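Student: Please see the structure below; I have some questions.
The values are calculated or read from the model by the stated rules, or taken from the named source; none is laboratory data. If you're wondering where the values come from, they're calculated on a predicted model, not measured in any experiment. All Cβ positions, even for glycine, are placed from backbone atoms using ideal geometry, and neighbour counts span all protein chains on display. Areas reflect the complete protein model, heavy atoms only, side chains present, ligands, DNA and RNA absent. Shrake-Rupley method; radii C 1.70, N 1.55, O 1.52, S 1.80 Å.
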Amino acid sequence: MKLDLLKMKEAALIYLDRSGGLQKFVNDCKSYCNESSQGCAVFRFLILINPSDITELDATLGNYILHQPVKGTQIFQSVCFTAVKTLSLIQQLETEAQMNIILKLTHVPSLPCYILSLCKFPFDYTTQRFYVAEGIVVAMSIITKYTQGARFVCSEETCQFSEGFQYIRVHTAGATESATLRNDFACSLCMSPLKEDKKYRVLGDKQVVEMIDSKAVSVLQGFYGNKTHFRFQSFTVLLRDELSNKMKMGNQYKVIGIPVYMQSCLQATLCLEANNIYPSNSTGLSCISEKFKYLLSLTSNSCWKFTALLAESFASKVLPSGIYNTLKLAILLSLVQTIDGDDKTADYLDLLVITNDSLILERIMNYSICLVPRGIRHFPSGEVFPTVSKDKHGTGTAIIQAGSALMAKNGICFIGELTSYKKEKLEQLQAVLESRTITKFIPGKKYGESTDQQVIFPIQTSFWSFIDVDSSSKKHIQLDNTVIGQLDLSLISATLIDAFGLLIYCNEASYCHSPFPVTNFILKKSINSEEIYSIAQQFQTQDYEEFLAFSKNLHVELCPEAERISLSKAHAKLRLRTKVLEQDVLIAVLLFESSLTLKYGASVFCVAPNALFPFELNSENSLNQRDIYLMEYHQQLKQFIATYGPVTHILSSEI
């Protein structure tokens, strides 16, 4: 046994030397050589461990680290103590017990037995070994203190252990905090009770985080298709010291840790004490379906046909093609601006739709949010923005619940009918749309803290909402009879409407001038034999999911002729281009002008109703007519800029 232990210590030393950990340890020891560290009882060190490399050197040591981490840590503790004494790195270090070694794992084996699952029975998490869990942060507490280490001495003054550092208690992962400080310790020499020397107590930071499985997001997307309905619950993660504040609300992480049973009154809670955390890297698809590629090749002679056909055939499972084409194009532009990573410079497109048919409107929006990983349907029973409450784990500290907006980070938050919210909530929404942040005030006295705190959260999501003019007019009294634009929008504050990126009006006139859209759709589908349309009608929901996953990750550059409009970048992505052209800018301008016309009336650059889809797209000839129509607008836009814009922005007719 001693030979095996010696062999494992030798393997640990070899690993530290090869991985650079030994040099890092020596450098860390130097930080304890200053005067402020003279009164230290505990010396804490972090060592990065790659279990695969360790197992290759010594399988037994690798097994200890993964399945008996306390024993694995003791081996590294002994090696590090010997190194300190041999190299005289820390003069005030007296005993091995003063070495608090923390092994940080880079990963655990990719095997099912290492995945923490709360839905598989029986639960066998009593063995304190490492597991990995992946989820999305839905709540987090403020940072509090816990006892990281403490010094005990014998209460019998004549005992030789009444001095020195023989009895050092440090917190170990998987143990409860009450295990560090107890009053039943006895001296191993004289059996007298031990007492704590409080001037050597070491405090660390602690944070409680609640996460949900990433699959649970589908529950928050509403209901569509044949999705199985299921329940979900959050699980608790404990972050300590350097891991505190490393997680962001709404982000997805992989957590390596050890299960902990927390007892609170009659309730037992299973938590995961984090050893290391890593952001979950979800990358987009590297290709799209052959059907999209073929359609792109058929429409390569136009800058607008491909996106027109995408909008025309989009959401055909929930409503006939040809209905609400402008809205569907705006939805696709908003979806393609969602991102997979954490990009603070990302663009967002907030949509506010005016309709007199909320059934169709909700149907298409509920369908659309399910096409991206973070599409969240807000339900009235919850909160849109973060809220503060007391931590249910018995600490009494404040815990912040995410709310739908933070859950939809880098995605879409569909908040439903706008007039159903109270004035206070609408004012909060307006402030968020204008600043893209929200501030939560935490009164210290209420949550057991000495000082008040203020936490600022960035809101990185696009908001979708609608106003049902028929139902709203019955519920609300008109505030102002003056109509400035083409619609009476006095039901909602004008500043709130302005805060949305686009205002879109959907009524029966948007049905491509057909009083029977469903009948028209069926007849068109049965008699249209043109290849370009037969391809577009074959697109399924999965095809659009894959298309958006690919196109939203395209890196788009702006050419010198294109104005810096984020919406034009989105159209370029939708067209699968990596450079923004003037034709993309034209689509952005027409969308914004249509929105402004609804609010304030026509401008000098007059845009006709349904400017983006002036014709029913029932043949390739109608697509060509639309291209001619848009090219005329293109020339008008150039002339408008030449007449009213600065000289530096005049576009050459040769472009």
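Student: Among the residues of region 393-411, write down those that are in a loop (DSSP other than H, G, I, E, B) and either crowded, with 22+ Cβ neighbours inside 10 Å or without any contact (Cβ under 8 Å) to a residue 12 or more places away in the chain (or both).
Tutor: Within region 393-411, Ala402, Gly403, Ala408, Lys409, Asn410, Gly411 qualify.
Student: Moving to a separate point now. Within the bounds of region 324-343, is there any residue that is open to solvent by 10 Å² or more (accessible area, probe 1.4 Å), out of contact with any Leu (no Cβ under 9 Å at 6 or more places or on another chain) and within 17 Å of Leu503 (Cβ to Cβ)?
Tutor: Scanning region 324-343, I find no residue that is open to solvent by 10 Å² or more (accessible area, probe 1.4 Å), out of contact with any Leu (no Cβ under 9 Å at 6 or more places or on another chain) and within 17 Å of Leu503 (Cβ to Cβ), so the answer is no.
Student: Here's another thing I want to ask about it. Please verify whether Lys24 is touching a helix residue (DSSP H, G or I) at 6+ places or on another chain (Cβ under 8 Å), open to solvent by 50 Å² or more (accessible area, probe 1.4 Å) and of a type in the set (D, E, K, R), treating the condition exactly as stated. Quick ask: steps written out before the conclusion?
Tutor: Numbers: touching a helix residue (DSSP H, G or I) at 6+ places or on another chain (Cβ under 8 Å): no; open to solvent by 50 Å² or more (accessible area, probe 1.4 Å): yes; of a type in the set (D, E, K, R): yes.
So Lys24 fails the test.
Student: Say whether the condition of being at pLDDT 90 or above, open to solvent by 40 Å² or more (accessible area, probe 1.4 Å) and either part of a helix (DSSP H, G or I) or hydrophobic (A, V, I, L, M, F, W, C) (or both) is met by at least one residue in region 236-253.
Tutor: Yes, the conditions are met somewhere in region 236-253.
Student: For region 53-171, give me every one of the strands (runs of 3 or more DSSP E) that falls completely inside it and has 2 or more residues that are open to solvent by less than 70 Å² (accessible area, probe 1.4 Å) and closer than 28 Å to Phe185 by Cβ.
Tutor: On the way: elements: 99-105, 131-141, 144-154, 167-170.
Here the list reads 99-105, 144-154, 167-170.
Student: Within region 285-310, track down each residue that is of a type in the set (A, V, I, L, M, F, W, C) and within 14 Å of Arg577 (Cα to Cα).
Tutor: The answer is Cys287, Ile288, Phe292, Leu296, Cys303, Trp304, Phe306.
Student: For residues in region 441-461 being surrounded by 14 or more Cβ atoms within 10 Å (Cβ to Cβ) and among the aromatic types (Phe, Trp, Tyr), which is modelled with the highest pLDDT?
Tutor: My answer is Phe457.
Student: Within region 587-599, is even one residue open to solvent by less than 20 Å² (accessible area, probe 1.4 Å), out of contact with any Leu (no Cβ under 6 Å at 6 or more places or on another chain), of a type in the set (S, T, N, Q) and assigned to a helix (DSSP H, G or I)?
Tutor: Yes: region 587-599 contains one or more residues that are open to solvent by less than 20 Å² (accessible area, probe 1.4 Å), out of contact with any Leu (no Cβ under 6 Å at 6 or more places or on another chain), of a type in the set (S, T, N, Q) and assigned to a helix (DSSP H, G or I).
Student: Report, by residue number, each residue of region 193-203 that is open to solvent by less than 70 Å² (accessible area, probe 1.4 Å) and modelled with pLDDT under 90.
Tutor: Kept after step one, since they are open to solvent by less than 70 Å² (accessible area, probe 1.4 Å), are these residues of region 193-203: 194, 196-197, 200, 202.
Answer for region 193-203, where residues must be open to solvent by less than 70 Å² (accessible area, probe 1.4 Å) and modelled with pLDDT under 90: Glu196, Asp197, Tyr200, Val202.
Student: Could I ask something else about it? For region 462-557, which helices (runs of 4 or more DSSP H) that fit wholly inside it have 1 or more residues that are open to solvent by less than 40 Å² (accessible area, probe 1.4 Å) and modelled with pLDDT of 90 or more?
Tutor: Result: 494-499, 541-551.
Student: Which residue, of Phe414, Phe379, Phe385, is surrounded by fewer than 21 Cβ atoms within 10 Å (Cβ to Cβ) and either assigned to a strand (DSSP E or B) or modelled with pLDDT of 90 or more (or both)?
Tutor: Among Phe414, Phe379, Phe385, only Phe385 is surrounded by fewer than 21 Cβ atoms within 10 Å (Cβ to Cβ) and either assigned to a strand (DSSP E or B) or modelled with pLDDT of 90 or more (or both).
Student: Counting only residues that are touching a residue at least 24 places away in the same chain (Cβ under 8 Å), open to solvent by less than 60 Å² (accessible area, probe 1.4 Å) and within 40 Å of the chain's Cα centre (by Cα), how many does region 608-646 have?
Tutor: Count: 12.
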